[in-house]
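For reference, the structure is listed below as structure tokens.
We did not get these values from a lab; they are worked out from the coordinates using the rules stated. Small disclaimer: the values here were computed from a predicted structure and weren't measured. Every residue, glycine as well, gets a Cβ built from its backbone with ideal geometry; the counts of neighbours run over all protein chains shown.
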Number of protein chains: 2
Amino acid sequence: MRLDDLPTPCLVLDRAIMQRNIASMAAALSRHGVPLRPHMKTAKSIEVARLALAGQPGGITVSTLAEAEYFAGHGITDILYAVGITARKLDQVAKLNANGAAVTVITDDPDTARAIAAHPAGPRALIEIDTGEERGGVRPEDPALLAIADRLGGRLAGVMTHAGHSYGGRSVEDMVRIAEAERAGIVRAAERLRAAGHAASIVSMGSSPTARHAASLSGVSEVRAGVYMFGDLFQAEIHTHAVGDIALTVLASVIGRRPARNRLLIDAGGLALSKDRSTEAAPLDYGFGLMLDARGRPTYGQAIVRHAYQEHGVVETDAAVPADLPVGTKVRVAPNHTCMTAAAHDRYYVVEGGDEVVAIWTRVNGW
Amino acid sequence: MRLDDLPTPCLVLDRAIMQRNIASMAAALSRHGVPLRPHMKTAKSIEVARLALAGQPGGITVSTLAEAEYFAGHGITDILYAVGITARKLDQVAKLNANGAAVTVITDDPDTARAIAAHPAGPRALIEIDTGEERGGVRPEDPALLAIADRLGGRLAGVMTHAGHSYGGRSVEDMVRIAEAERAGIVRAAERLRAAGHAASIVSMGSSPTARHAASLSGVSEVRAGVYMFGDLFQAEIHTHAVGDIALTVLASVIGRRPARNRLLIDAGGLALSKDRSTEAAPLDYGFGLMLDARGRPTYGQAIVRHAYQEHGVVETDAAVPADLPVGTKVRVAPNHTCMTAAAHDRYYVVEGGDEVVAIWTRVNGW
């Protein structure tokens, strides 16, 4: 099967590029001697997980309990569910763990900590720490840290943080600085717990940018990252990788031409690309994605998906619309934010640099 | 089963409100004596289609061939696939039609028109007309209209247009004006075809706002609309319906509290809500959605999802964060753009005003 035989829109995953990204992140972390707990929220695929785990201890991170069930069902048992748990979700976690998984949860809430400790099969838990993102978590110096630890009691296994605000950085220097604040904050939280007599063997931090650029990971026991496997235009803009390292694209067909307005219509719209506008505030605003040729090359310059309707993408070209793009031509679109783009699709068509489909891998979407 | 028993995030569909919306649109069109061809791109559900077809001729509109296959498989055979066709997709359409469906396609491209006519089982086709949206279609006065008709030959059945630019309107007067331009344009295109000796029995127009507000539908043979069944915050902002007529919400759980910043975290983020920002330019900017209580009531005032991460939504309240919203509490979120929000979910949990789940309906996502 070749790309030109595929229905559009669909996801194309270049395994060769992905392998390069995985090796590059592993090398970045091996300098520090710190293992990676890959975040599978982007890929949601067992085949990708196995490749991302090469040379790593074997634990993963997930963003939904559907992912936890899926990966546990495929034999990956050491799972960190990195979204704040609620008491009502503990039964589902307990059931997974009773069936052989070892799902660890996170919380920053005293009442939920109490519910975890009180549950007859309460899982191991990490306390979520806010090291600057200001989304979830308690600050390292917050008195609540020790109160939550007291309530978790024997369930407490450590601390975790996510420097999601690294996405607001715009230079390598920014990333180095944010990574150090993330490291220092999570280590400080662990030290406070230990000084109060609590166990804190797990000191988990990570985001793709800070994992890539951290100058030191001293005191950190593991790093989490996910987007790095595939990359996207936004990550390229913030220097997490090069534009040529984007492994995931959307295959689309040209479905209309407006040469007088330098416009093409493609059959990848807001559902196939997502409505994510991550690059809006980046140096280069890629709209809803950058149109490439069918082989994934930037043949058409700044051909940008400027409007995204449900099933229509409007591509605006900076030069005349190429005559070699009649209705029906296949093109590819590099996404703004690969986690969001992948989520509307149920499978990957896997290539290795060329246009032959060498595998089809399914995804676990939903909740 | 009650809403409080459901895993979050998930879709809640209030059948009573949807039925009211369906009846209201049917009444608006019956004033004109023009039938509705409901667009199933929003609902993607056979149960919803059956309700939307009450009192109508029975044909539907779809936005993907996956929808066409699904609905044909459930016995709805009269289907308009309202996204520009490509030559490569004709085999799939022909196969559907060979199995008993009657899928009509659209095109605005002379080469594709020739391919439709040349295909041994080429489907019936409409020419897409641009009545002001400037997305797809030829203008009613464009010489290309007759060239495309000539190439389609016996496959030509009429014309269609979509006044998607009605979404840019902000008053009922805007909608009335845009609807009349849509009507006049599509009728003019049909008249030009007839004057040149072509068949043009189908004169199809529609968008939810123009379907609702058209002052005349003279010369129009059918109207298409989809969002109206569910409604959303954006449609309410542009006067297509009232805020209380939003039938679709996302059920979520509170997963974090930041009272000092008037913030709550919920487990509905960019995937569960979509990253759609339709209301950004509307009178009221609802961010990524409006948080309601678990029964769907606006108990918390302007509690708006201001940030949407993959699985986290950050709600900002205009007053203090209510004490009766501890971690674990169920809430609901009214979406900006219901077509986009529904697409990440595989099913509807159906209620009838209350919190009892009276049915579960599945959706046909993907392509």
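For A:Ser45, what is the net charge nearby, where nearby means another residue's Cβ is under 12 Å from its Cβ and Lys, Arg count +1, Asp, Glu -1? Here the count lands on +3.
What FRET efficiency do you get for A:Ser218 and B:Met1 if R0 is 56 Å and r is their Cβ-Cβ distance, rounded to the nearest 0.05? Working shown, then result.
Values: r = 51 Å, r/R0 = 0.90.
After rounding to 0.05, the efficiency reads 0.65.
Using the Karplus relation 6.51 cos²θ - 1.76 cosθ + 1.60 with θ = phi - 60°, the per-residue 3J(HN,Hα) values for the range B:49-55 come to 4, 4, 6, 5, 8, 4, x Hz, with x marking Gly and Pro. For B:Arg257, the residues whose modelled amide H falls within less than 5 Å of its own, excluding neighbours fewer than 5 places apart on the same chain, are B:Leu265.
A point 7 Å from Cα along Cα→Cβ stands in for B:Ala144, and the other copies hold the same point at 5.8 nm, listed in rising order.
The mean number of partner chain beta-carbon atoms within 10 angstrom of a residue's beta-carbon across peptide A:266-276 is 5. Converting phi to 3J(HN,Hα) with the Karplus coefficients 6.51, -1.76 and 1.60 and the offset θ = phi - 60°, the range B:100-116 yields x, 7, 10, 8, 9, 10, 10, 8, 10, 10, x, 5, 5, 4, 5, 5, 5 Hz in sequence order, with x at every glycine or proline. Just add up the charged neighbours of A:Arg295: K/R +1, D/E -1, any other residue whose Cβ is under 14 Å from the Cβ of A:Arg295. Around A:Arg295, the surrounding residues sum to -3. If you look at the Cα atoms of the range B:15-229, you get an Rg and a Dmax of 16.4, 48 Å. A cut-off of 5 Å between modelled amide H atoms, ignoring neighbours fewer than 5 places along the same chain, links B:Gln302 with B:Asp318.
Provide a whole-number value for the mean count of partner chain Cβ atoms within 10 Å of the Cβ atoms in peptide A:61-69. Write out the running numbers ahead of the final one.
Details: counts 0, 1, 7, 7, 1, 1, 0, 0, 0.
Whole-number average of other-chain Cβ neighbours for A:61-69 is 2.
Excluding same-chain neighbours fewer than eight residues apart, the lysines reachable from A:Lys330 by a Cα-Cα span under 29 Å are A:Lys41, A:Lys44, A:Lys275, B:Lys41, B:Lys44, B:Lys89, B:Lys95, B:Lys275.
Positive end of the dipole of the protein assembly as shown (Cβ unit charges, origin at the Cα centre): among B:Gly55, B:Gly84, B:His162, the Cα lying farthest that way belongs to B:Gly55.
Short to long, the 20 Å bins of the Cα pair-distance histogram for chain B hold 30, 53, 17, 1 percent of all pairs. Projecting the Cα atoms of B:Gly136, B:Phe234, B:Ile202 onto the dipole axis of chain B, where Lys and Arg carry +1 and Asp and Glu carry -1 at the beta carbon, places B:Ile202 farthest toward the positive end. Tell me whether the range B:122-278 comes out rounded, prolate or oblate; compute the Cα gyration tensor, take square roots of the eigenvalues as a ≥ b ≥ c, and use a/c under 1.5 as the rounded threshold. The shape class here is prolate.
Peptides B:12-18, B:74-80, A:246-252, B:327-333: what's the order by average Cβ count within 10 Å, highest mean first?
The packing order, highest mean first, is A:246-252, B:327-333, B:12-18, B:74-80.
Shape class for the protein assembly as shown, computed from the alpha carbon gyration tensor (a ≥ b ≥ c): prolate, with a/c not under 1.5 and a/b above b/c. Expressed as an acute angle from 0 to 90° and rounded to the nearest 10, what is the orientation of the C-alpha long axis of helix A:15-30 relative to the principal long axis of chain A? Relative to chain A, helix A:15-30 is tipped by roughly 30 degrees. When the square roots of the Cα gyration tensor eigenvalues are ordered a ≥ b ≥ c, the ratio a/c for the range B:233-367 is under 1.5, which makes its shape rounded. Just checking the output field for B:99-108: average partner chain Cβ neighbours within 10 Å of each residue's Cβ? Partner Cβ neighbours, averaged per residue: 1. Taken about its Cα centre, the range A:15-229 carries a charge dipole of roughly 500 debye when the Cβ of each Lys and Arg holds +1 and the Cβ of each Asp and Glu holds -1. The 3J(HN,Hα) values that the Karplus relation (6.51, -1.76, 1.60; θ = phi - 60°) gives for the range A:293-300 are, in residue order, 7, 5, 9, x, 9, x, 5, 9 Hz. Gly and Pro appear as x. A cut-off of 5 Å between modelled amide H atoms, ignoring neighbours fewer than 5 places along the same chain, links A:Leu80 with A:Ile60, A:Thr61, A:Val62, A:Thr104.
Taking the Cα centre of chain B as origin and assigning +1 to Lys and Arg Cβ atoms and -1 to Asp and Glu Cβ atoms, the resulting dipole is close to 320 debye. Among B:Asn336, B:Ala281, B:His307, whose Cα sits farthest toward the positive end of the charge dipole of the range B:224-367 (+1 at Cβ of Lys/Arg, -1 at Cβ of Asp/Glu, about the Cα centre)? The one lying farthest along the dipole's positive direction is B:His307.
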